[in-house]
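Presented below is the structure to which this report refers.
The values are calculated or read from the model by the stated rules, or taken from the named source; none is laboratory data. Because the structure is predicted, anything quoted here is derived from the model rather than measured. As a convention, Cβ positions derive from the backbone with ideal geometry for all residues, glycine included, and neighbour counts pool all protein chains shown.
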Amino acid sequence: MRYARLPSGLACYPRVVLTDRPALETVQEPAEIHARVDRVVLDESLIRRYAQTCGFDPGHGVPVTFPHVLAMPLHLKIFASAAFALKPMGLIHLSNVIEMPGALHPGKSFQLDVSARNYRHLDAGLAFDMDSQLSNHEGVVWRETCVFMSRWPESMQRATGRPPRPPKAPKDAEVLCEINADLRKTWDYARVSKDFNPIHLNDRAARFFGLRGAISHGMWSLARSLAERPLLAPLGARLETQFLTPVQLPARVNVKQWMAEGETKRAMCDVRTGRVHMYAYWTQRPVGVSDPPNNEKAPV
């Protein structure tokens, strides 16, 4: 699929929700699906709105998580495609990796490529990568891999006992801030990100899809955690994130920070129980992976 400009993600939702999909256990070799937009402009007003919604300082450049919202319409185009074999509304966002080997500047245009690929079987379900990247004449300047999973039916899940409880942040972790997560914030994020998945916006819709109620967007949790006292990415680094449990709305959460194995970790935690909803940290890329020109530290 190739587009001259970004398509409307919102128009995809009827097909995302209503398109019939085969039973997961019958899916043999899901097709790789690719989508491209030849020209995407980093709109300064949208960057500012995104920064304000997620708690970033609007004057500190392009947040490292911002290009995810540019890729969302292509994610939705892929999910709406009849060739996409999994039920989009049942997908679980397991993890995320972001690299920013180049520089992002408001007003500049880039090519955007998105691919659903690398399907593999896990104990709990069928997982795949949603790869997105922005590039220009100098090469790739930003890339992301979202790992999603569709759960097996209960009859197919391996008997591995009760799932482990989400970890807690260390007792000496520094509390950077406390936040009220509620439906108003999820609607604000939906408007700026174009992610109108109903499980984030309405309790009844979320219960229809098997949840106890509406949950916050995982990428809002990541962005809001990074926005507090923003760190600069080490040269040649990548941002790795693990999503453990959804933030059930309404909730009182905090952002904590600690050091582990020489790395600074950021987490969004439940204020009452201390359990970690998600955590993120910078890591070095494997030796031998080179950067294209104009490498800069990435504002987060």
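Observations
- Condition broken by residue 22, with the remaining ones in (1) under 28 Å from residue 246 (Cα atoms); (2) surrounded by 14 or more Cβ atoms within 10 Å (Cβ to Cβ) satisfied: (2)
- Qualifying residue in region 4-18 (condition: surrounded by 14 or more Cβ atoms within 10 Å (Cβ to Cβ), in contact with a strand residue (DSSP E or B) (Cβ under 9 Å, 6 or more places away or on another chain), on the phi > 0 side of the Ramachandran plot and in contact (Cβ under 8 Å) with a residue 40 or more places away in the chain): no
- In region 247-287, counting only strands (runs of 3 or more DSSP E) that sit wholly within it, the ones holding 2 or more residues that are in contact with a His (Cβ under 9 Å, 6 or more places away or on another chain) span 251-260, 263-270.
- Filter result for residue 132 (at pLDDT 95 or above, small (Gly, Ala, Ser) and out of contact with any Phe, Trp or Tyr (no Cβ under 7 Å at 6 or more places or on another chain)): yes
- Region 83-95 residues that are free of Cβ contacts under 8 Å to residues at least 40 places away in the same chain, paired with ones that are among the hydroxyl-bearing types (Ser, Thr, Tyr) and not in a loop (DSSP other than H, G, I, E, B) (beta carbon under 8 Å, 6 or more apart): none
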